[in-house]
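Visitor: Sharing a structure here in structure tokens format.
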Amino acid sequence: MINFLNRLRKKNIFSFIALIIIFFLYIFSFLADFISPYPFDKQFREYSLCPPTKIHFIDKSGKFHIRPFVYGIRIINSSVGKYREDKDKIYPIKFFVRGNKRKILGLFPSNFYLFGTEGDGKIFLFGTDIQGRDVFSRVLYGSRISLSIGLIGVSISFILGLFFGSISGYFGGKVDNILMRLVEIIMMFPSFYLLLALRAAFPTDLSTVQIYFLIVVILSLIGWASLARIIRGMVLSIKEEEFILAAKSLGISTFRIITKHIIPNTFSYTITAITLSIPGYILGESALSLIGLGIQEPYPSWGNMLSVSVGNLRILTSAPWMLLPGFFIFLTIICFNFLGDGLRDITDPSLNTGY
Amino acid sequence: MGILEVKNLIVSIQSLYKKVNILRNISFSIGKNEVVSLVGESGSGKTFTALSIMKLLPQAAKIETGEILIDGENIIEKDEKKMVKIRGEKVSMIFQEPSSHLNPVFTIGNQMVECVKGNLTKGEKKEKVIEILKEVELPEYIFYQYPHQLSGGMQQRVMIGMAIINKPSLLIADEPTTALDVSTSFRIINLLKKLISTHKISVIFITHDISLAVNFSDKIYVMYAGEIVEKSPSKKLINSPLHPYSEKLIACLPEKYKKREKIKTIEGTVPDFSSLPSGCAFHPRCPYKKEICEKFLPEEIKIGESYVRCFRYGKITKNN
């Protein structure tokens, strides 16, 4: 593992940085309950579209505080989103503050929050949305959906695609024929109408998150087909390589030849394809929200948070912090792309010229 | 009885329009600790003979009739599962271009450990690999290197190591030195000689280079257009070749010529398998051509220690 990280750092520093960023994004989404100062559906009606709270060290009399603090928020006109800092009220930011009891990861009951203010002070690091919910907390909770969905979808479709693609390519003949016809049948499904039909077919007592996960699973059960075709094509050419003949002549079994010699040789493609299709799922989720299949309010996901703000011109001009989920989508996608690049570099050792 | 016996092997290949026999009536045997060279021009069926013995023929090719006995067992009847056991343990093969016969994405050690058969723990397998690396005169650190980091000679040593790691009784070497320079190829040949004598391996050595074959092997089988036209002990072949084709091949050896003298070649080319000449396949290029050669196929005739298929030494016995 350490060796791998070292190689990645030497080979491609950007992808190493990307890996670190992705790592932290996942840590934050894992600990969302603990880090976020408010629950995702907590509404502060009077603070609709409040801009991000500024964190101060020096108060109005010029006195320096070691502990950072926020000022209270004075509402001027909450319907048009006008707020002022109330410089008379100082609320220091405290770590491990007590708040409402909730279960971390749905398991451990706790009433500690990583940071927050006591009393009437409010801390909105990324501002609030129209309903007055803390965008920072919602971004954290939303990352749970947005970051996990890609992994689930990708792992299902890639495992199936690799399995059927390599079998079909390696054995050829009848097996190939049958599997490829199956793939064509699966590729024939019109996915948009399938989604509409699924929407109607799902029982109404499932929560929106459950429905969304089901849809991703079903989509990836369809999505493996095109991947299997590409893998099959690659296997067809790899199995003619001379090292496969050599491996056979040394008495290595068919199973080992497929798993050891053929599949790893497709990795230069598959790893890039995996890292490139994860962003597809993240973006696809926001598109699905439009037809009522994505994550529904009040549950947050980066996609549906962004679609609310992009659809509203007033928000775009007066509350730009509402676009922050878009920044996180961008960050995740670009990090996965860089990571894919770096992984391709180190999984194909013949590209290594530095030795 | 020999390690390997091939009897009346006929291999055909299905082309778009018709089926052609690319190996015709191949019969030979190889004894214990014997080194036999197959020589002949490109396209004479040397590699196909080797691949039939491994049962690794390409999909279009098919064994029509014949027997291939390895240690008395006919492998033509065996299925793929049983062949996996035979390959590596009884027969193994090394190839022409070592760089393309190693998997580029794994380290040498990783690939060699893969080849070790039998119920051994990982550590034992690794020990065995390092032992073999020593035997093929490679340093231990090669274990952790990738194929592209090695030179051609080192890669060929790795291939040889992989081939002999399970102590097979027969090794097929398909032009193992063709892709290497002269001094490296000599070192590889010396290494092979050493391994053959220490492990008592029989070898089929496929080459274009007759002088190398004479130096390396006990017997030489000359192939032409999918047939073995002559089988002779090496010394005898180079001094008094029987078949006109062997004679011509030996006449082409550059060592026999003075400086600046023009080297003779065999006129014409190896015939296309889909339109083989009638009778003896060599007759269009043969200086001793008789009428009979165009009509009939010569049988194998024993002369001293050699076997030859040519009408110069015998009568017609079979209609074509």
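Visitor: Tell me: how much accessible area in total is hidden between B and A, 1.4 Å probe, Å², nearest 100?
Guide: By this definition, chains B and A bury close to 2200 Å².
Visitor: Further question on the same structure: What's the center-to-center distance, using Cα atoms, between segment B:198-221 and segment A:167-216 in Å?
Guide: 58
Visitor: Oh, and also: Taking every pair of alpha-carbon atoms in segment B:68-223, give the share separated by more than 29 Å as a whole percent.
Guide: 17
Visitor: I want to check the label-to-label distance for A:Asn100 and B:Tyr17. Put each point 7 Å from Cα in the C-beta direction and report it in nm to one decimal.
Guide: Once both label points are built, they end up 8.5 nm from each other.
Visitor: Among DSSP bridges having both ends in the protein assembly as shown, what percentage is antiparallel? Round to the nearest 5. Can you show the working numbers first?
Guide: Working: 48 of 67 bridges.
If I count the DSSP bridges inside the protein assembly as shown, around 70 percent turn out antiparallel.
Visitor: Let me ask another. Tell me which aspartates and glutamates have Cα within less than 13 Å of A:Lys94's Cα, excluding those fewer than 8 residues away on the same chain?
Guide: Straight-line reach from A:Lys94, under 13 Å: A:Glu118.
Visitor: Using only protein heavy atoms and a 1.4 Å probe, report how much of B:Thr47 is accessible, in Å² to the nearest 10.
Guide: Near enough 50 Å² of accessible area.
Visitor: If you count, for every residue in B:84-96, the Cβ atoms of partner chains within 10 Å of its Cβ, what is the mean?
Guide: Whole-number average of other-chain Cβ neighbours for B:84-96 is 4.
Visitor: Any idea what diffusion coefficient segment B:172-320 gets from Stokes-Einstein, in µm²/s, Kirkwood Rh on alpha carbon pairs, 20 °C, 1.002 mPa s?
Guide: Values: Rh = 17.0 Å.
The Stokes-Einstein estimate is 126 µm²/s.
Visitor: Find the accessible area per residue for the protein assembly as shown; the probe is 1.4 Å, ligands and nucleic acids are left out, and the unit is Å². Write out the running numbers ahead of the final one.
Guide: Values: 32560 Å² over 675 residues.
Roughly 48 Å² per residue, with all protein chains present.
Visitor: Can you tell me what the convex hull of the Cα atoms of the protein assembly as shown projects to on average, as an area in nm²? Don't skip to the answer; put the middle values down first.
Guide: Numbers: hull surface 171.5 nm².
So the Cα hull casts an average projection of 42.9 nm².
Visitor: Still on this model: Could you tell me the distance between the Cα centroids of segment A:41-64 and segment A:77-98, to the nearest Å?
Guide: Between the Cα centres of segment A:41-64 and segment A:77-98 lies a distance of 3 Å.
Visitor: Here's something else I'd like to know. Can you list the trypsin sites (Lys or Arg not before Pro) in segment B:215-268 that are in a DSSP coil and have 12 or fewer other beta carbons within 10 angstrom? Each step should come with its number before you reach the end.
Guide: Numbers: sites: B:Lys219, B:Lys231, B:Lys235, B:Lys236, B:Lys248, B:Lys256, B:Lys258, B:Lys259, B:Arg260, B:Lys262, B:Lys264; in loops: B:Lys258, B:Lys259, B:Arg260, B:Lys262, B:Lys264.
For trypsin sites (Lys or Arg not before Pro) across segment B:215-268 that sit outside H, G, I, E and B with at most 12 neighbouring Cβ atoms in 10 Å, the list reads B:Lys258, B:Lys259, B:Arg260, B:Lys262, B:Lys264.
Visitor: Also: Quick one: accessible surface of A:Lys63, probe radius 1.4 Å, all protein chains present, in square angstrom to the nearest 10.
Guide: For A:Lys63, the solvent-accessible surface is approximately 120 Å².
Visitor: Further question on the same structure: Need one number for segment A:45-133: average projected area of the convex hull over its C-alpha atoms, nm².
Guide: With every direction weighted equally, the projected area is 6.5 nm².
Visitor: Given points 7 Å out from each Cα along the Cα-Cβ axis, report the B:Lys235 to B:Asn119 separation in nanometres with one decimal.
Guide: Calculated label separation equals 5.0 nm.
Visitor: Quote to one decimal, in nm, the extra length available between B:Thr269 and B:Asn8 on full extension: 0.36 nm per residue of separation minus the C-alpha distance between them.
Guide: 91.4 nm
Visitor: Can you give the direction-averaged projected area of the convex hull of the alpha-carbon atoms in chain B, in nm²?
Guide: Working: hull surface 73.1 nm².
Result: a mean projected hull area of 18.3 nm².
Visitor: How many angstrom lie between the Cα centre of segment B:272-315 and the Cα centre of segment B:139-155?
Guide: 47
Visitor: In addition: Reachable aspartates and glutamates from B:Lys117, Cα under 17 Å, same-chain residues fewer than 8 places away excluded?
Guide: B:Glu80, B:Glu89, B:Glu127, B:Glu131
Visitor: Taking every residue in B:76-83, how many Cβ atoms of other protein chains lie within 10 Å of its Cβ, on average?
Guide: Numbers: counts 0, 0, 0, 0, 3, 2, 0, 2.
Shielding by partners across B:76-83 averages 1.
Visitor: Ok, one more. Looking at chain B only, what percent of DSSP beta bridges run antiparallel? Nearest 5 please.
Guide: Roughly 60 percent of the beta bridges in chain B run antiparallel, per DSSP.
Visitor: If I take R0 = 25 Å and measure r between the Cβ atoms of B:Tyr288 and B:Ser42 in this structure, what FRET efficiency does the formula 1/(1 + (r/R0)^6) give, to the nearest 0.05?
Guide: FRET efficiency, B:Tyr288 to B:Ser42: 0.55.
Visitor: Excluding residues fewer than 8 places away in the same chain, name every one of the aspartates and glutamates whose C-alpha is closer than 19 Å to that of A:Lys122.
Guide: Once the sequence-local aspartates and glutamates are set aside, what remains near A:Lys122 is A:Asp33, A:Asp41, A:Glu46, A:Asp59, A:Glu85, A:Asp86, A:Asp88, A:Asp134.
The values are calculated or read from the model by the stated rules, or taken from the named source; none is laboratory data. Since the model is a prediction, treat every value here as computed from it, not as a measurement. Every residue, glycine among them, receives a Cβ derived from its backbone with ideal geometry; neighbour counts consider all protein chains shown. Just the protein is used for accessible areas: all its heavy atoms, side chains included, with ligands, DNA and RNA removed. Shrake-Rupley method; radii C 1.70, N 1.55, O 1.52, S 1.80 Å.
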